[in-house]
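The next block holds one structure in the form of structure tokens; read it before the comments.
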Amino acid sequence: EVKERGFTALKTNILMPGENATFGGGFSGGVGSTDQYAPKWLVPHIEKLIGTFRDAVGDDIDLNLDLNFHFKTEGALRIAKVLEQFDMLWLEIDMYEPKSLRQIKDSTSTRICTGENLFYMRDFIPYFENHSADMFMIDVPWNGFSQSKKVGDLAEVYQHNVAPHNYYSHLSSFVSASLCATLPNVRIMEIDIDDIPWKDELTTAVPEIIDGYMTVPAGPGWGADINEEVALAHPWDENSLAVGTGGYKVPQR
């Protein structure tokens, strides 16, 4: 589907068989433990997972794997080494120690991406100064537009490309696309195209995506507003993380 719709890249987590379908590292409900260790069985599993994606989409589609905070340095390093054969766009690693991330980057030809967890320039600067990654994600809703612009411009000073971290609503996609239009160093923009069935109803407009590229919004403001009636009809349920609801209350029919 990614290839058929003209997208230039796809991103995945570590998918696992079973109901909790991702490797969780002990805190997200999936398989894994809090020691952030990569068990021996996991590394060949990841190799097979990414190899399957590569076989399916060919060499022209970029692949990205998100490791989140699931691994300490030695585990992430082992995974990065085994993935070198696939020439991925990036391996995404969240880590609050820029020097450890630089150690991983220097030990592999797999490109490293980080930054979705970082807040304001004060968080990004140590990573930029250490050249801890090849590319940096900016979470625009988390940082705000003006601060995201500052981070993106500073990344350009350090010769780094950026990518908006964007797995939210269409409104976030509109805001992130507007940021992309102001920066010269955008590598790619993340967007979630496989989501809750009422996602298109949540905003007054939906992104225009042609051959894998999103059109920069031309309407007033961000190009869309939140449909508050739809938002109120789907409140977050902090007591529910059931598979199939995504944590949202599902109205009884």
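Please treat every number below as a calculation from the coordinates, not as lab data. Worth saying up front: this structure is predicted, and the values here are computed from it rather than measured. Backbone-built Cβ (ideal geometry, glycine too); neighbour counts: all protein chains shown.
Would you mind ranking Trp222, Trp142, Trp90, Trp236 by Cβ crowding within 10 Å, fewest neighbours first?
Numbers: Trp222 19, Trp142 15, Trp90 24, Trp236 11.
The most exposed by this proxy come first: Trp236, Trp142, Trp222, Trp90.
Where is the GNM fluctuation largest for the chain (alpha-carbon springs, 10 angstrom cutoff): Asn130, Asn185, Asn161?
Answer for the Gaussian network model of the chain: Asn130.
Comparing Ile112, Ile138, Ile125, which has the greatest mean-square fluctuation in the GNM of the chain with Cα pairs linked when under 10 Å apart?
Sorting by GNM fluctuation, first place goes to Ile125.
At a Förster radius of 22 Å, what calculated FRET efficiency corresponds to the Cβ-Cβ distance of Lys199 and Asp87, to the nearest 0.05? Can you show the working numbers first?
Working: r = 32 Å, r/R0 = 1.46.
Rounded to the nearest 0.05, the efficiency is 0.10.
How much of the DSSP bridge set in the range 1-134 is antiparallel, in percent, rounded to the nearest 5?
Details: 1 of 11 bridges.
Around 10 percent of the beta bridges assigned by DSSP in the range 1-134 are antiparallel ones.
For an R0 of 41 angstrom, estimate the FRET efficiency from the Cβ-Cβ distance between Lys150 and Glu19 and round to the nearest 0.05.
Efficiency at R0 = 41 Å is approximately 0.45.
What value does the range 1-71 have for Rg/Rh, both radii from Cα atoms and Rh as Kirkwood defines it? Before the final figure, lay out the partial values.
On the way: Rg = 13.3 Å, Rh = 13.1 Å.
My calculation puts Rg/Rh at 1.02.
P(r) for the range 1-152, please, calculated from all Cα pair distances in 5 Å bins and given in %.
Here the calculated profile for the range 1-152 is 2, 9, 18, 20, 20, 17, 11, 4, 0.
Under 8 Å for C-alpha pairs, at least 6 residues apart: give me the relative contact order for the chain, rounded to a whole percent.
Details: 408 pairs, mean separation 30.5, N = 253.
Once divided by the residue count of the chain, the mean separation gives 12 percent.
Separation of the range 194-233 and the range 31-53 by C-alpha centroid, Å?
For the range 194-233 versus the range 31-53, the Cα centre distance is 35 Å.
What's the exposure ranking of Tyr96, Tyr168, going from fewest to most Cβ atoms within 10 Å? All intermediate terms of the calculation are to be shown ahead of the outcome.
Values: Tyr96 13, Tyr168 19.
So the ranking, lowest neighbour count to highest, is Tyr96, Tyr168.
Could you work out which residue, out of Pro217, Pro235, Pro207, moves most in a Gaussian network model of the chain, that is, has the largest mean-square fluctuation with Cα springs under 10 Å?
Pro235
Nearest-5 percent of antiparallel DSSP beta bridges in the chain?
Numbers: 5 of 22 bridges.
Here the antiparallel bridges make up roughly 25 percent for the chain.
Take Glu208 and His131, extend 7 Å from each Cα along the Cα→Cβ direction, and tell me the distance between the two endpoints in nm.
4.1 nm
Please identify the helices of the chain, taking whole runs of DSSP H, that span at least 27 Å along their own axis as judged from the Cα atoms and have a mean Kyte-Doolittle score of 0.0 or higher.
Values: long enough: none.
Both cut-offs are met by no helix.
If you add up the charges near Met135, with Lys and Arg at +1 and Asp and Glu at -1, over every other residue whose beta carbon is less than 10 angstrom from its beta carbon, what do you get? Don't jump to the answer; show the numbers that get you there.
Details: positive: Arg111, Arg187; negative: Glu92, Asp134.
Here the count lands on 0.
May I ask you to list the GluC sites (Glu not before Pro) in the range 180-223 that are in a DSSP loop and have at most 15 other Cβ atoms within 10 Å of their Cβ?
On the way: sites: Glu190, Glu201, Glu208; in loops: Glu190, Glu208.
Counting only loop positions with at most 15 other Cβ atoms within 10 Å, the GluC sites (Glu not before Pro) in the range 180-223 are Glu208.
Within the chain, how many lysine pairs that are 8 or more places apart, or on different chains, have C-alpha atoms less than 19 Å apart?
13
Kindly state, to the nearest 0.05, the FRET efficiency for Glu4 paired with Ala218, given R0 = 30 Å and r defined as their beta-carbon distance.
Numbers: r = 27 Å, r/R0 = 0.90.
Plugging the Cβ-Cβ distance into 1/(1 + (r/R0)^6) gives 0.65.
Per DSSP H run of n ≥ 4, the term is -39500 (n - 2.57); total these for the chain, divide by its residue number, and report the mean residue ellipticity at 222 nm rounded to 500 deg cm²/dmol. Present the calculation step by step, with values, prior to reporting the outcome.
Numbers: 8 runs with 80 residues, N = 253.
Dividing the helical sum by the residues of the chain leaves -9500 deg cm²/dmol.
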